[in-house]
Amino acid sequence: MLFGAFANTTSHSLVRFSRATILGAAQRPLHTTRTLMQKTDPNLNWDEFFKLRRQRRLWERLAALPCALLGLGAGAAVFASLPVNPQQTFMGIDPIILFGGSTMFCGVLGFVIGPSVGRVWYRIGNTELARSLDAKEAAFFKHIKANRSDPNFSSASNPLPDFYGEKINSLHGYRRWLRKQREHERKGTFKLGGKKK
């Protein structure tokens, strides 16, 4: 009797628990779960890695132009507010030419800093994807380091192709890079062998 009552109570509790779990899962929005899985999944395949890498580079390039304009505007605002004496020169250079060159330098400096700013913006907007991308990129550079040709084989007629693999944008590009590395190694080995003879 006591065992039967305990079994009935346990079975009722399990039924309630399973029913509540099923209802809760049904009420949970499916797109939110999928989005969370996409954001937190660190196992990127190589096609996704190259796609995200191209996307990050696009952010870096797009950020270069506004940063250049910002640097140019800031430099113009600063140097335009300074007093200019045409009769006084600085190291034999006219002040207007000096201020104009300094303003252009500020624009170039902004253009150079722009890609770094774009990368920071990309990391802020895609935190989880950026972490997965960094982990995959570390594995990618291990492949690059292990498979690139020896720089000692380089010469004026046989330059080392893409030492850091920066031009690789796809799996096809990676295979083409591997072929170029082997070709560079083969040419260098052949020339070294010829010199030894």
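Assorted remarks:
- Extreme residue, least open to solvent (accessible area, probe 1.4 Å), among residues of the range 144-166 that are touching a residue at least 12 places away in the same chain (Cβ under 8 Å) and assigned to a helix (DSSP H, G or I): I144
- Matching residues in the range 71-87 - criterion: being surrounded by fewer than 17 Cβ atoms within 10 Å (Cβ to Cβ) and either part of a helix (DSSP H, G or I) or of a type in the set (A, V, I, L, M) (or both): G73, A74, A77, V78, A80, L82, V84
- Number of the exception - L129 against (1) open to solvent by 40 Å² or more (accessible area, probe 1.4 Å); (2) assigned to a helix (DSSP H, G or I); (3) at pLDDT below 90; (4) more than 30 Å from F49 (Cβ to Cβ): (4)
- Failed item, numbered, when A63 is tested on (1) of a type in the set (A, V, I, L, M); (2) exposed (fewer than 14 other Cβ atoms within 10 Å of the Cβ); (3) closer than 30 Å to E137 by Cα; (4) modelled with pLDDT of 90 or more: (2)
- Check on R57, under 11 Å from the mean Cα position of the chain (by Cα) and either surrounded by 12 or more Cβ atoms within 10 Å (Cβ to Cβ) or at pLDDT 90 or above (or both): yes
- Residue in the range 88-100 that is in a helix (DSSP H, G or I), over 30 Å from K167 (Cβ atoms), among the small types (G, A, S) and in contact with a Ser or Thr (Cβ under 8 Å, 6 or more places away or on another chain) present: no
- G118 being touching a Leu at 6+ places or on another chain (Cβ under 6 Å), assigned to a helix (DSSP H, G or I) and surrounded by 15 or more Cβ atoms within 10 Å (Cβ to Cβ): no
- Residue ID - modelled with the highest pLDDT, chosen from residues in the range 164-197 that are of a type in the set (A, V, I, L, M, F, W, C) and farther than 18 Å from R53 by Cα: L178
The values are calculated or read from the model by the stated rules, or taken from the named source; none is laboratory data. Every value quoted in this text rests on a predicted model; they were computed, and no experiment measured them. FYI the Cβ positions are ideal-geometry reconstructions off the backbone, even for glycines, and counts take in every protein chain you see. Please note that ligands, DNA and RNA were not included when accessible areas were found on the heavy atoms of the full protein model with its side chains. Shrake-Rupley method; radii C 1.70, N 1.55, O 1.52, S 1.80 Å.
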